[in-house]
1. Could you calculate the FRET efficiency of N63 with L96 from 1/(1 + (r/R0)^6), where r is the beta carbon distance between them and R0 is 22 Å, rounded to 0.05?
2. Say we join alpha carbon atoms closer than 10 Å with springs in a Gaussian network model of the chain; which of I84, I243, I135 then has the biggest fluctuation?
3. With just the Cα atoms defining each centre, how far is the stretch 202-258 from the stretch 104-163? Give it in Å.
4. How large is the translational diffusion coefficient of the stretch 74-155 in µm² per second when you combine the Kirkwood radius over alpha carbon pairs with Stokes-Einstein at 20 °C and 1.002 mPa s?
5. For the stretch 70-223, taking Cα atoms only, what is the radius of gyration to one decimal and the Dmax to the nearest whole Å?
6. So what is the relative contact order for the stretch 138-221, in percent, with contacts set as C-alpha pairs under 8 Å and at least six apart?
7. Based only on Cα atoms, what Rg/Rh ratio does the stretch 220-299 have, Rh being taken as Kirkwood's radius?
8. Work out how much length V108 to L29 would gain on full extension: take 0.36 nm times their residue separation and subtract the Cα-Cα distance, in nm to one decimal.
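Any read-out appearing in this document is the output of simple, stated calculations on the displayed coordinates, not a laboratory observation. This is a predicted model, so every value here is computed, not measured. All Cβ positions, even for glycine, are placed from backbone atoms using ideal geometry, and neighbour counts span all protein chains on display.
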Amino acid sequence: MSNILVIGSSNTDMVIKTDKLPSPGETILGGTFLMNPGGKGANQAVAAARLGGKVTFISKRGNDLFGDQTIELLSKEGIDTQYIAKDAELPSGIALITVNSTGENIIVVAPGSNGNLVPEDLPSELFTPGKFEIILLQLEIPVMTVEYSALTASENGMKVILNPAPAQKLHDYLYRHTWLITPDEIETEVLTGIKIRDIPAAENAASFFRNKGVKNVIITMGSKGAFLMSDSYAGMIPGVPVIPVDTTAAGDVFNGALAVAISEGKDLKEAVDFANSAAAISVTRMGAQASAPYRNELD
């Protein structure tokens, strides 16, 4: 039985490696081309499943080859895909990704059917009390669907983890129904107006979220690690130093790992350590879902 429910996007990532990222209006010759499964929701579901989580994933796919491949690949990861909806008109989501020689990237997403995942696509049985312990959400699907999911899940006793990416302004009632929020530095600045230059700034931003009603806050800060604020702990948790190759799905791997650690009863500080380790492994590899580590690699 699944104990982690992930609701979010599923894309096919088309990746080109280059020496440098192009400037506006510039055409450059790239190197290797890769086509990989991606999307923040699917990435987080795969990361959680590979680390031992029992995962159910909900998304909306197009009636096309990319959608068929998505179901096949997610099923091979041991993920329950029975609730994934099919859109009769819109195509599956696509992401165009350029990665430079230091692992930095630029990404443009055509959401396709992801943008049409509406509350009516979510069966009420998903929110039955006790069916799932954790629900993991992102913002590559309509915000009304995120709000509905968070509200319904929290009212039925689930822990709502919100990864607010890509960042957009959010209603206060979404914060009030969020058990844990996990923005990175850029997303934190968009949501709070506070630029994360140092630990005091991270503390101020975390307090902003807590004052809005979020119970726990984790601000991810790349190679530096993550800042955690909860009832029992406030401070930086260092990252694991590695040489990055591709940072495309580091945040998604972090969030998937975090959900697994929490579902296993780890406290939040232990969970962040676990997630930092998983994310560190992922940035040493190309691809989104392909970069997610397996549990034996962390153990």
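1. On the way: r = 22 Å, r/R0 = 0.99.
Taking R0 as 22 Å, the efficiency between N63 and L96 is 0.50.
2. Among I84, I243, I135, the largest GNM mean-square fluctuation belongs to I243.
3. Answer, in whole Å: 20.
4. 142 µm²/s
5. 17.0, 49
6. Computed value for the stretch 138-221: 28 percent relative contact order.
7. Details: Rg = 12.0 Å, Rh = 12.5 Å.
Ratio of gyration radius to Kirkwood radius for the stretch 220-299: 0.96.
8. Gain in length upon complete extension: 26.6 nm.
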